[in-house]
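Read the structure below first, then the notes.
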Amino acid sequence: MASGKVRDLIIVYADLNFLKRVNDHYGHQAGDDYIIRCAHMLQDSFGRYGRLFRLGGDEFMAVLDGEDVFADYDKGELALLDLLAKQTPDAKMPPVSLSWGFAISRKEKPVTMEKLESMADARMYEMKVQMKAERLD
């Protein structure tokens with residue numbers, strides 16, 4: 001992360017889906033493995049362009065602040081989609097499913113971290129609602 005410079009910044013909020021179901025059906029060790037698999041996917045996609053943090057049980061945040069955060073976000077998202085799509089079926093555990101949202105602070109018009117977190121969280125929940133609606137169709 002840059003020190004002393006104002007730069008564009010993107011934060012990505014990600015929330016693991018179905019953790020309770022994994023814990024209930026496969027056990028808490030499987031739930032821990034599910035979280036770890038998700039963390040590796042996020043690190044392998046967005047982590048290469050910034051820093052990844054685990055916020056809570058199944059919530060993560062990536063902070064991207066490179067020279068071209070927009071390209072970094074696009075590359076990270078494509079990498080994540082690719083990793084999610086390439087999961088092999090496993091009878092012992094379902095594939096990782098997660099929802100994410102992002103928010104941008106432009107150097108010309110900075111946004112507080114609190115506002116960024118709120119915006120990214122709202123977008124993440126929009127994705128979660130959309131995914132649930134698609135499963136019901």
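The values are calculated or read from the model by the stated rules, or taken from the named source; none is laboratory data. Computed from a predicted structure; not experimentally measured. Because the Cβ atoms are built from the backbone with ideal geometry, glycine has one as well, and the counts that use them run over all protein chains shown.
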| query | How many residues are closer than 13 Å to residue 10 by Cβ and surrounded by 15 or more Cβ atoms within 10 Å (Cβ to Cβ) when one looks only at region 53-79? | reply | 12
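Output the helices (runs of 4 or more DSSP H) that fall wholly within region 9-86 and possess 1 or more residues being hydroxyl-bearing (Ser, Thr, Tyr), within 21 Å of residue 107 (Cα to Cα) and under 12 Å from the mean Cα position of the chain (by Cα), or say none.
69-85
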| query | Which of the residues spanning region 44-76 are in contact (Cβ under 8 Å) with a residue 60 or more places away in the chain and within 16 Å of residue 99 (Cα to Cα)? | reply | 73, 76
| said: If I filter region 115-132 down to residues being small (Gly, Ala, Ser) and under 17 Å from residue 16 (Cα atoms), which single residue comes out as surrounded by the fewest Cβ atoms within 10 Å (Cβ to Cβ)? | reply: 122
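I'd like to know if region 92-114 contains one or more residues that are surrounded by 15 or more Cβ atoms within 10 Å (Cβ to Cβ), in a helix (DSSP H, G or I) and either at pLDDT 95 or above or under 11 Å from the mean Cα position of the chain (by Cα) (or both). Don't jump to the end; show me each part of the working.
Just the residues of region 92-114 that are surrounded by 15 or more Cβ atoms within 10 Å (Cβ to Cβ), to begin with: 93-94, 96-105, 111.
Add one more test, that the residue is in a helix (DSSP H, G or I), and what stays is none.
Within region 92-114, none of the residues are surrounded by 15 or more Cβ atoms within 10 Å (Cβ to Cβ), in a helix (DSSP H, G or I) and either at pLDDT 95 or above or under 11 Å from the mean Cα position of the chain (by Cα) (or both).
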| Any residue in region 63-72 that is under 22 Å from residue 132 (Cα atoms), among the acidic types (Asp, Glu) and at pLDDT below 95? | no
| query | Does at least one position in region 25-33 carry a residue that is farther than 16 Å from residue 113 by Cα, modelled with pLDDT of 95 or more and hydroxyl-bearing (Ser, Thr, Tyr)? | reply | no
